[in-house]
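*Asks:* Before I ask anything, let me first share the structure, which is written out below as structure tokens.
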Amino acid sequence: MRQLPKIIQGGMGVGVSNWRLAQAVSKLGQLGVVSGTALDTLFVRRLADGDQGGHMRRGLEAFPFPEMAKRIWNEYFVPGGKPADAPYPALPMHQQKNPRKLIEVCMASNFVEVFLAREGHKNPVGINFLEKVQMPHLASIYGAMLAGVGYVLMGAGIPLHIPGVLDAFVAQHAAEYKLSIAGASQATEAMMGLNPAEFAEGPLPVLRRPKFLAIISSNTLATTMLRRANGRVDGFVIEGPTAGGHNAPPRGKLQLSESGEPVYGDRDRVNLEEMRAMGVPFWLAGGYGNAQALQSALDEGAVGVQVGTAFAFTEESGLRDDLKSELLGQARAGAGRVYTDRLASPTGFPFKVALLEGTTSELPIYEERKRVCDLGYLREAYEAPGGKIGYRCAAEPVNNFMAKGGTATEAEGRKCLCNSLLANVGHAQIRKDGSVEPALVTIGDDLNTVAQYLQPGRASYTAADVVGRMLDTKAHSEEKTLLAATA
């Protein structure tokens, strides 16, 4: 591996940190990261829209299992794209033992995203997963490794068993991953497994082990990962509560502000002196999207920083143009508002929400939405009567959730992040009644600071603008001078 990057572009949402953004950042010598969340569904919807630009086909043509690629293409590609008012095709929801078809789509989609991000340069590319979204892990990771992914990053939980999965796949062995089961007795254990030999169409490809970075929010979690992980942990991303997406809950008794947001205190700050003593590389995240913050992190002993919000609004990101435009306008006026919603996510983790009209962040719109769980990435496994494994989501219809042992209180205020995040990137599901799933934008508390990247006379900016300004490179300084002279 080359020198460790100073800037890690954060893995954001579903398709916001897409292959185009990751490719642009990695070409600049920093670490571009694709989001691995719900990639199988996003991939199928891109095919249903006619594979604009032919990129999915190009990725599938490079996939090392051509017969598998052919099956997927023939089933999901729609020449010219589906009618605008037609719904997208549905995949089966993930469970402990997935059907082969779902495993194949999951494997191929992760391969394609990483393959495209790696085109045109020789620098590493990363992929980001949520530990809470466990059931697609094995197929997703194997697909990304087939494409030569350089880093695997994972947060939203304690990913103790991911290093062992990476080691198993490199050794061309089957990998296992323990599925968390809510309400299960200690004697109850459910393992998920993937044997690459069952899917290969010839000799198994030789793989290289990617570096594994755990996304953490406390010294305790860092120590736990180093002591108990079943393989090598190559570094940490230390994410503070100002970062976008899911935040770790505050430590200790939950306290709420007047607006109903979780209150974070001294106990939620990571002791960087202790982190330095561990001797493992670390990056800081949450409000580090400028050159001064980067230098501050370096002074604290960090290798660099992870940045999400600034990259979310670049021309290369997958966020819808209308959402970018509205939020950039708010940022320019210093009027952007971000709310830490303790109830929004079915995971129970606090979740950052940009307050925008016409999205599910507006409570009346969400109350009008018919509750449905048809993607199921945030479902949790639970022990059903008779010792069987069932699946439930706090954002599904309340009666269904309660019938599976959940409570009305647990379902209160929950939002369907799966459908909303796909809507953020232009792939909203069309319902039979003609309704369209609304968006729900998650972004960091430093939303208004992205205005620094907007040059006079320009309504947008690029990944190169972010990297250049953060590193304060000579080339970027010359570009700024040229822009000022021509404005």
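*Asks:* Give the distance, in whole Å, between the Cα centre of region 213-277 and the Cα centre of region 409-466.
*Replies:* Cα centroid to Cα centroid, the span is 25 Å.
*Asks:* Also, I was wondering about something else. Extension gain residue 455-residue 370, at 0.36 nm per residue separation less the Cα-Cα distance, in nm?
*Replies:* Working it through step by step, the gained length comes to 26.4 nm.
*Asks:* How do the peptides 242-253, 226-237 rank, highest first, by the average count of neighbouring beta carbon atoms within 10 Å per residue?
*Replies:* 242-253, 226-237
*Asks:* Let me ask you something else. Nearest 5 percent is fine: what portion of the DSSP beta bridges confined to the chain is antiparallel?
*Replies:* 35 percent
*Asks:* Here's something else I'd like to know. Calculated FRET efficiency, residue 206 and residue 82, Cβ-Cβ r, R0 41 Å, to nearest 0.05?
*Replies:* Here the calculated transfer efficiency is 0.60.
*Asks:* Summing Lys, Arg as +1 and Asp, Glu as -1, what charge do residues with Cβ under 10 Å from the Cβ of residue 354 carry, residue 354 excluded?
*Replies:* Net of charged neighbours comes to +1.
*Asks:* Something else: Using 0.36 nm times the number of residues separating residue 198 and residue 52, minus their current alpha carbon distance, what extension gain do you get?
*Replies:* In short, 49.4 nm is gained.
*Asks:* For the chain, rounded, prolate or oblate, judged on the Cα gyration tensor with a ≥ b ≥ c (square roots of eigenvalues), a/c < 1.5 rounded, else prolate if a/b > b/c?
*Replies:* It is rounded, given that a/c, with a ≥ b ≥ c, falls under 1.5.
*Asks:* Based on the alpha-carbon gyration tensor of region 1-43 and its eigenvalue square roots a ≥ b ≥ c, which shape applies: rounded if a/c is under 1.5, prolate if not and a/b is larger than b/c, or oblate?
*Replies:* Prolate is the answer for region 1-43, as a/c is 1.5 or above and a/b outweighs b/c.
*Asks:* Using a 7 Å offset from the Cα along the Cα-to-Cβ direction at both residue 61 and residue 412, what is the distance between the two label points in nm, to one decimal?
*Replies:* If labels sit at residue 61 and residue 412, their model points lie 5.6 nm apart.
*Asks:* A further question follows. Are any of the pairs 70/122; 370/404; 324/352 more than 22 Å apart by Cα-Cα distance, and if so, which?
*Replies:* 70/122
*Asks:* Relative to the present Cα-Cα distance, how much length would full extension add between residue 173 and residue 430 at 0.36 nm per residue of separation?
*Replies:* Residue separation times 0.36 nm, minus the Cα-Cα distance, leaves 88.4 nm.
*Asks:* Can you check what the net charge comes to around residue 391, using other residues whose Cβ is under 9 Å from the Cβ of residue 391 (Lys, Arg +1; Asp, Glu -1)?
*Replies:* Spelling it out: positives minus negatives among the neighbours equals +2.
*Asks:* All other residues with a Cβ under 12 Å from the Cβ of residue 449 taken together, and with Lys, Arg as +1 and Asp, Glu as -1, what is their net charge?
*Replies:* Local net charge: 0.
*Asks:* Got a sec? How would 430, 127 order by Cβ neighbour count within 10 Å, fewest to most?
*Replies:* The most exposed by this proxy come first: 430, 127.
*Asks:* Divide by every residue of the chain the summed helix terms, -39500 (n - 2.57) for each DSSP H run of at least 4, and state the resulting mean residue ellipticity at 222 nm, rounded to the nearest 500 deg cm²/dmol.
*Replies:* -9500 deg cm²/dmol
*Asks:* Now, a different point. Under the rule a/c < 1.5 gives rounded, and otherwise a/b versus b/c splits prolate from oblate, where does region 282-358 land using the Cα gyration tensor?
*Replies:* Oblate is the answer for region 282-358, as a/c is 1.5 or above yet b/c matches or exceeds a/b.
*Asks:* Got a sec? How would 404, 415 order by Cβ neighbour count within 10 Å, fewest to most?
*Replies:* 404, 415
*Asks:* Now, a different point. Using the number of other C-beta atoms within 10 angstrom as an exposure proxy, rank 19, 283, 73 with the fewest first.
*Replies:* Lowest count first: 73, 19, 283.
Every number in this text was worked out from the coordinates using simple rules, so none of it is lab data. Model, not experiment: these values are computed from the prediction. Glycine gets a Cβ as well: all are built from the backbone with ideal geometry, and neighbour counts include every protein chain shown.
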